[in-house]
Amino acid sequence: MEQMKQNMKKDGIRFVAVLVAAVLMAVSIKTFVRMGGLYPGGVTGVSVLIQRIAEMFLHVQLPYSLINITLNAIPVYIGFRFIGKKFTLYSLLMIVASSVFVDLLPELVITSDTLLIAIFGGIINGAAISLCLSVDATSGGTDFIAIFLSQRKGMDSFNLILLLNVCILAAAGLIFGWDKALYSIIFQYASTQVLHLLYRNYQQQTLFIVTDYPDEVAALIHRLSHHGATILDAHGSYRHDSRPVVYSVIASSDSRRTIKAIRDLDPKAFINSMHTTELKGNFYLKPKD
């Protein structure tokens with residue numbers, strides 16, 4: 001019974017967080033992307049591009065929700081089929097809610113400065129995506145493909161997504177002018193930096209721990225982060241004695257609580273935590289529900 005209440009509370013928080021993220025995403029698109037004539041990355045950018053092409057050449061105002069939900073049909077199928085049903089349901093809620101909010105929210109002119117629009121629109125967009133990811137959901141589109149390729153195929157999808165974004169910007173530049181395409185790069189950069197700052201699940205930390213309890217520390221790391229550790233035999237240069245060193249790479253989101261637990265276990269432990277810039281090989285990622 002207690003577990004059911006905890007699950008209901010967690011789902012409630014998850015639901016509210018996704019709706020808040022959807023509103024932020026819609027504000028970013030309606031107030032900044034549209035007003036600045038910008039083009040975000042991924043399926044959102046494709047949706048905006050199709051909408052503007054229809055306006056310019058066909059003189060038809062297509063609903064953003066119709067385009068975005070249609071383009072997300074295949075990624076959502078991939079999510080249901082290969083990633084996780086609840087994860088995909090919340091992501092679908094994000095896709096539908098943000099799309100509808102874009103069509104319903106009024107346009108609000110905050111500034112006419114395109115540079116300011118690109119920077120602050122990117123910040124809000126990055127915050128929306130980070131909030132969504134923090135409760136195990138995505139904004140759809142290329143996120144599903146990236147997770148599928150990384151978890152199921154062990155592939156780095158960065159170059160594939162980058163290629164799609166380059167194609168979007170190239171098409172936008174050819175049709176609507178290169179100034180907006182270049183400002184869109186600033187928008188995407190600001191969004192990526194905020195995402196990198198706020199969401200750390202796909203970042204890694206390398207830990208070197210000098211401790212008198214190597215087996216216990218290794219077991220603790222595995223229990224808290226589901227990652228293994230390597231115990232090295234080292235030689236101290238000051239006292240010339242042998243000291244065991246525990247080496248492990250864990251998710252950055254787990255680093256704070258893991259380091260605290262190690263310090264509680266061994267207050268004299270010497271811990272060196274470093275940001276890992278590149279990692280090859282098997283690395284445990286928590287499966288989506």
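The values are calculated or read from the model by the stated rules, or taken from the named source; none is laboratory data. If you're wondering where the values come from, they're calculated on a predicted model, not measured in any experiment. Note that each Cβ is placed from the backbone with ideal geometry, even for glycine, and that neighbours are counted across all protein chains shown.
When the helices (runs of 4 or more DSSP H) confined to segment 1-107 are screened for residues that are out of contact with any Gly (no Cβ under 9 Å at 6 or more places or on another chain), more than 30 Å from residue 173 (Cα to Cα) and of a type in the set (Val, Ile, Thr), those reaching at least 2 such residues are found at 2-27.
Pairs linking a residue in segment 97-124 that is in the same structural domain as residue 27 (by TED's automatic domain parsing) and of a type outside the set (Gly, Ala, Ser) to a residue that is surrounded by fewer than 17 Cβ atoms within 10 Å (Cβ to Cβ) and assigned to a loop (DSSP other than H, G, I, E, B), with Cβ atoms under 9 Å and 6 or more positions apart or on different chains, are 102/63; 103/63; 116/110; 117/110; 117/111; 120/110; 120/111.
Of all residues in segment 58-91, those being touching a residue at least 40 places away in the same chain (Cβ under 8 Å) and among the aliphatic types (A, V, I, L, M) number 4. Restricting the first member to segment 1-20 and to residues that are in the same structural domain as residue 99 (by TED's automatic domain parsing), and the second to residues that are part of a helix (DSSP H, G or I) and small (Gly, Ala, Ser), the beta-carbon pairs closer than 9 Å and six or more apart or on different chains are 17/134; 18/91; 18/97; 19/97; 20/128. As for segment 38-47, it holds at least one residue that is within 25 Å of residue 163 (Cβ to Cβ) and free of Cβ contacts under 8 Å to residues at least 60 places away in the same chain. Within segment 5-45, the set of residues being among the charged types (D, E, K, R) and in contact with an Asp or Glu (Cβ under 8 Å, 6 or more places away or on another chain) comprises 14, 30, 34.
Just to be sure before I move on: is residue 69 over 30 Å from residue 119 (Cβ atoms), hydrophobic (A, V, I, L, M, F, W, C) and assigned by TED's automatic domain parsing to the domain that holds residue 133 in the structure I sent? So residue 69 fails the test. Selection of segment 250-272 for residues being within 25 Å of residue 135 (Cβ to Cβ) and either surrounded by fewer than 16 Cβ atoms within 10 Å (Cβ to Cβ) or not acidic (Asp, Glu) (or both) yields 250, 251, 252, 253, 255, 256, 257, 258, 259, 260, 261.
When we screen 243, 223 for residues that are in a helix (DSSP H, G or I) and either outside the structural domain of residue 133 (by TED's automatic domain parsing) or on the phi > 0 side of the Ramachandran plot (or both), the only hit is 223. Take the conditions (1) in contact (Cβ under 8 Å) with a residue 60 or more places away in the chain; (2) crowded, with 17+ Cβ neighbours inside 10 Å; (3) under 19 Å from residue 147 (Cα atoms); residue 28 misses just one of them, which is (3).
Please tell me if residue 226 is over 29 Å from the mean Cα position of the chain (by Cα) and either exposed (fewer than 11 other Cβ atoms within 10 Å of the Cβ) or touching a residue at least 40 places away in the same chain (Cβ under 8 Å) (or both). So residue 226 fails the test.
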